[in-house]
């Protein structure tokens, strides 16, 4: 009995492991969608090719802007340091932005690789596999967007910190002028 | 370590004894090998870092090259002068310009891979 149970468990476990995600996903996809994917296969491939190319342009443009912003933040940080002013809060935000930009870059590479794989799937004969890869690519694209939103938030916080610092400097300047005879 | 140094010295002594055409051939061989190694390293880095995905100078990307934004030259921000209100204003203006430039791009937020955009019925 024990042997039977052990053997049964092994078979059950193997079945779970071997059930590929695409097979599981096929059950969830409506036949109408699968038919539409097969029918529009050429159009879908053309759209994806266009998207991949326009995304490369967006990524290049954004990457350059991010680099410029990081350079600018580094310059302010150096200037504060050279004036012996505590720049810890600015440096922390710059590091946070740098990590987010690195994550943005990594997310883009993963997205682009997945998009390339998606374009290689023959959606006429394998619409379910195509759909599964499409969902994954869609999710990765959303991840890149999330990184850009995070980066924007950090830049906004940095600006607020600089404005706060500017206000403090202005107050100190006024106080110094008031003390002067 | 000593053995390696001794071997290197012996090799150098051997090389010093090579003369004429053989010496030129050896130098060329070393130069070509070094160039091949450096090119291989840079090609691996080009692939591994993912820069190959962004290289729009490849053939077939003429249209994309035209779509690249002509970015305004980066203003150099003085890092040595004293911190003044004017310098902070200058910094904030430049930062605002750069942040607004970022908003021009799609930022991958469009629903290009959504069912509606692709004309697919829901799952």
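If the requirement is being closer than 26 Å to residue B:47 by Cα and surrounded by fewer than 21 Cβ atoms within 10 Å (Cβ to Cβ), which of these qualifies: A:159, A:94, A:53? Spell out how you get there, then give the answer.
Working: A:159 fails: closer than 26 Å to residue B:47 by Cα; A:94 fails: closer than 26 Å to residue B:47 by Cα.
Only one candidate passes the filter, namely A:53.
For the stretch B:1-58, which positions are surrounded by 10 or more Cβ atoms within 10 Å (Cβ to Cβ) and not in a helix (DSSP H, G or I)?
Scanning the stretch B:1-58 gives B:18, B:49, B:50, B:55, B:56, B:58.
Being in contact (Cβ under 8 Å) with a residue 40 or more places away in the chain and more than 8 Å from every other protein chain (Cβ to nearest Cβ) is the filter here, so list the residues in the stretch A:74-90 that pass it. Quick ask: steps written out before the conclusion?
Keep residues of the stretch A:74-90 that are in contact (Cβ under 8 Å) with a residue 40 or more places away in the chain, which gives A:76, A:89-90.
Passing the criteria: A:89, A:90.
Of all residues in the stretch B:79-114, count the ones that are surrounded by 12 or more Cβ atoms within 10 Å (Cβ to Cβ), more than 7 Å from every other protein chain (Cβ to nearest Cβ) and under 29 Å from the mean Cα position of the chain (by Cα).
4
Which residue out of A:9, A:38 is over 28 Å from the mean Cα position of the chain (by Cα), more than 10 Å from every other protein chain (Cβ to nearest Cβ) and modelled with pLDDT under 90?
Numbers: A:38 fails: modelled with pLDDT under 90.
Matching residue, one of A:9, A:38: A:9.
Please go through the stretch A:113-127 and give me each residue that is part of a helix (DSSP H, G or I) and surrounded by fewer than 20 Cβ atoms within 10 Å (Cβ to Cβ), ordered by number. Working first, answer last.
Let us first name the residues in the stretch A:113-127 that are part of a helix (DSSP H, G or I), namely A:113-120, A:127.
Matches in the stretch A:113-127: A:113, A:114, A:116, A:117, A:119, A:120.
Take the residues in the stretch B:68-77 that are within 7 Å of chain A (Cβ to nearest Cβ) and modelled with pLDDT of 75 or more; name whichever of them is nearest to residue A:164 (Cα to Cα).
Among those that are within 7 Å of chain A (Cβ to nearest Cβ) and modelled with pLDDT of 75 or more, it is B:77.
The values are calculated or read from the model by the stated rules, or taken from the named source; none is laboratory data. Since this is a predicted model, take the numbers as computed values, not measurements. Positions of Cβ are backbone-derived with ideal geometry, glycine not excepted, and every protein chain shown enters the neighbour counts.
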